[in-house]
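One structure is given here, and the rest of the page talks about it.
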Amino acid sequence: MTLPKQKQPNSEMCFVCGRSNPIGLRMQFFAGADGCVYAGYTPRAEHQGFPGVMHGGLVTAMLDELIGRAAIPDNVWCMTAKLEVRFRKPVPIGVPLKLKGEITKKTKRLLEGRGEIRLEDGTLAAEAYATYIPIPPSQLVQYQDALAGWRVDE
């Protein structure tokens with residue numbers, strides 16, 4: 001999979017994208033011209049639940065981050081209100097994954113989105129549908145220190 005060139009910023013300590021989190025996934029995300037967000041990732045041995053299979057909680061965390069990031073181009077900061085994941089196939093350890101997320105509906109009060117994880121051959125392994133609530137600007141003040149470390153590393 002060829003990823004788009006427009007890399008999204010990462011935080012310091014987020015479990016999924018934090019560049020300084022020693023136990024995190026350290027994923028990188030890319031904005032596509034189509035409004036979707038893309039990522040590639042290869043799960044490691046420490047990410048397994050059953051032997052050889054990625055833990056479902058980590059699959060869920062990846063999908064949550066992926067869909068929420070689709071709001072970044074509109075400068076909307078949001079938190080998850082509801083997330084429903086459908087596991088279609090086991091997500092194997094050591095095999096490159098292809099991820100895609102998008103916002104499917106946006107109103108003043110809610111964002112809805114969809115994300116997917118595909119195996120190397122294009123098979124759908126997991127998909128999620130989520131609802132997010134935008135964080136009010138007054139509440140974003142509480143996060144200013146954390147957001148100061150939000151940047152794109154080349």
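Residue 63 falls short on exactly one of the conditions (1) within 20 Å of residue 132 (Cα to Cα); (2) without any contact (Cβ under 8 Å) to a residue 40 or more places away in the chain, and that condition is (2). Considering only residues in the range 92-126 that are among the acidic types (Asp, Glu) and under 12 Å from the mean Cα position of the chain (by Cα), the one that is farthest from residue 71 (Cα to Cα) turns out to be 116. The residues of the range 75-132 that are among the aliphatic types (A, V, I, L, M), surrounded by fewer than 14 Cβ atoms within 10 Å (Cβ to Cβ) and modelled with pLDDT of 95 or more, listed by number, are 81, 124. Residues in the range 4-29 that are within 18 Å of residue 102 (Cβ to Cβ), outside any loop (DSSP other than H, G, I, E, B) and touching a Gly at 6+ places or on another chain (Cβ under 9 Å): 6 alone.
Within the range 30-43, the set of residues being part of a loop (DSSP other than H, G, I, E, B) and of a type in the set (Val, Ile, Thr) comprises just one member, 42.
Return yes or no: is residue 23 over 15 Å from the mean Cα position of the chain (by Cα) and closer than 28 Å to residue 151 by Cβ?
Values: over 15 Å from the mean Cα position of the chain (by Cα): yes; closer than 28 Å to residue 151 by Cβ: yes.
Answer is yes for this residue.
Being hydrophobic (A, V, I, L, M, F, W, C) and at pLDDT 90 or above: is that true of residue 140 here? Against the criterion (hydrophobic (A, V, I, L, M, F, W, C) and at pLDDT 90 or above), residue 140 does not qualify. Just one residue in the set 31, 81 is closer than 18 Å to residue 116 by Cα and touching a residue at least 24 places away in the same chain (Cβ under 8 Å); that residue is 31.
The values are calculated or read from the model by the stated rules, or taken from the named source; none is laboratory data. The structure displayed is predicted, hence computed values, not measured ones. Note that we place each Cβ from the backbone using ideal geometry, even for glycine, and neighbour counts take in every protein chain shown.
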